[in-house]
Each structure stands twice: as C-alpha cells, then as structure tokens.
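The values are calculated or read from the model by the stated rules, or taken from the named source; none is laboratory data. Everything numeric in this text was worked out from a predicted model, so none of it was measured. Please note: Cβ atoms are built from the backbone with ideal geometry, for glycine as well, and neighbour counts cover all protein chains shown.
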C-alpha cells in the first residue's frame, strides 16, 4: 500500500426528516443563496422545507442548474452573488447542482477569467465561499468530496477540478427525498457510483487489502440493491444504502493509498459534452470496452473482482476475465442502461470527434499506467460500438 494523507472535513447528517438541522448548521447572520436545478425540488416540497429551516435568514434563490452544469449558467449565479453581496451557498439537488455550487463558490472571489479554474483543474483556487448541501439524488459523491465537473456549452468542453477549499461544510442526506425520482435517475446513480468504485479498485495490486475489501463490499451492495431500488421506489433500506454507498464511493476512503484509473470518466466526459448523453450512461458504454482493451494490464485485479464480486471461479483465467467483463455489462443492462454506442445511433464519426477532443484537452496519457493514448482510446470506443 502506498503512502497517503486523508482529509475530509465535511459533516454528514444522515436520515429522514433531517433538513430541519439547517437551522443550526447555517450561520444565523448568513446571506444565503439557495441553488437548485429544475422544478422537482419545488414540487416535492424540499425547497419549502429548506426555507422553513432557514427561518428569518436573508435568502435568495437561483434555479436552472443543468444536469451537466454549464459554465454559462454558473457565471450568472456568480454575478448575482456579487451584486446581492451574498456570502453563503446552499446546494439543493444532486451531484450536478453540488458540482456547480463548488465552482460558483470558488469563482465569486477569483481574480481574472474564472474559466481558468477549469483549465488549471482547480490548482489556482485560494479561497471559496462557504457552502452546505441538501442531497436529493445519490450518484456522484460530490456531497462529501472536493471535486467538480463543469461544461462550457459554446466549446463542448467538459473539465474537472479539485481543491480542498470546496469541500462542503456539511451535507444533509435524507433517503426519503429519493422516493419520487424517475427510474432513469436512480439507474444512473447506481452506475455512477459503481464506476467511481471501479476506477479506484480495478487497477493493479498494491497490497491495499482494506481498500480492496471496502471497494468490493460497496460493489456487492450496489449489485444487490440496484434492482431493488428500481423495482420498489419506497424500499427505505434500499434507498438509504444506495445513498450512503454513493457517498462512500467517492469521499476518498477507498482510493487512499491505491492507484486510480479514471480513463473511463475522461472518455465519457467527451461523449457527454459532444452528444449530451447522461454521464452515467457514457460510463456504462466505456467501462466494459475499456476492461476488454486493458485486460492484460488489469489481469490480476480483474480475476480478483470476478471472484469476489461476481463469484466467477471456474474456467481458464482468460475465460474468467471475459465472464467478469460480461457480468459487468449485464448488470448495467439490467439497470435499464444501454452499453453500446450504436444504442445511441453513434458510430465511427463519434469516435473521430471524441479522439479529437481528448487530444485538444490533453487527455493523451490516461489510466493508472498513463498508457491509454488516443490510439488506445480509439480501440476502446471501437469495441464499444
């Protein structure tokens, strides 16, 4: 296991009817901006609960943050905050709203063109407005990490950044808020969390026994509860475990002291930016094809994954690896998520565009070994057709 430091200052408040805790979590003299996405938070009463909990605090609202938060929309929020002299942010929604809030928090006092935050992957952030979150969609883990992904619509550019200044101060996780979510969003959340785990686990052995078993337990949990969460929306245990698993999938614990991949995410980001495919669906397209292409580099961990998560123990090593990859694809399909580019009417022309964008964004040495070159990415996407 490699040397590591672990730091996560986010306070988690987990359980039903916990939104009222905002009264003690948000400073009484804060000038608050509530950020949210579409109308679901309004329709299901979550925004009303938030307002009630904030009481007499000065508060304003900013809605319309997209499923893939756009730089253009977020900069409108930045200007609004500056004009109204607001000093505390509250994200109410899923990972996209929280990601967008992180960017806004960093951009308000940033000197110069805020797009440079993305171009420098957050290394140039030296302060941010304080913020908390009320999570309504379990998926990205953004409620307990310091990462964010933002899309610039005019250039079809989707970039990520990380900085410790944008850890949420707190996150409220109420599983009951997920009961009315569309099945597509639940499926996306399961797959997003699943691939977050594999990006930190399916690499090569470094003796990280605790991280391996932790990751495998989370994967087994998703395999077990994913279909239940789709079939029985108000299964309280399934929704609670899904929400907590998605948070743990990307809060830094399972990735501490072990190598990471993230090639699936980087390739998937380009598919989302170019064709507006749901983020999780791009992951379901890319991951099985990437595992096939990287089966030699990931040989030992693929065998371990197949045995411990899927119970694949018989046959030659090559046959077991193939069966493991297909079990992964089948799980995504059972979650109602297509796993081929052709399912989205995309072919070689999409591959050419994605490779061009990967090169333009410097994504030319991806993966845990830095060996996923544009040529390898092309083979992955060709396999994904």
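Beta carbons closer than 6 Å, at least 6 apart along the sequence or on distinct chains, pair a first residue in segment 43-63 that is farther than 20 Å from residue 29 by Cα with a second that is surrounded by fewer than 18 Cβ atoms within 10 Å (Cβ to Cβ) for 44/180. Only one entry in 237, 261 is crowded, with 23+ Cβ neighbours inside 10 Å and either without any contact (Cβ under 8 Å) to a residue 60 or more places away in the chain or in a loop (DSSP other than H, G, I, E, B) (or both), namely 261.
A quick yes/no check of all residues on (1) without any contact (Cβ under 8 Å) to a residue 60 or more places away in the chain; (2) within 19 Å of residue 278 (Cβ to Cβ):
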{"site": "131", "(1), (2)": "yes, no"}
{"site": "155", "(1), (2)": "yes, no"}
{"site": "167", "(1), (2)": "no, no"}
{"site": "178", "(1), (2)": "no, yes"}
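Kindly provide the set of residues from segment 19-36 that are touching a strand residue (DSSP E or B) at 6+ places or on another chain (Cβ under 8 Å) and either at pLDDT below 95 or surrounded by fewer than 19 Cβ atoms within 10 Å (Cβ to Cβ) (or both), ordered by number. Within segment 19-36, 21, 25, 27, 30, 31 qualify. If you go through segment 82-111 and pick out every residue that is closer than 23 Å to residue 171 by Cβ and either in contact with a strand residue (DSSP E or B) (Cβ under 6 Å, 6 or more places away or on another chain) or surrounded by fewer than 24 Cβ atoms within 10 Å (Cβ to Cβ) (or both), you end up with 17.
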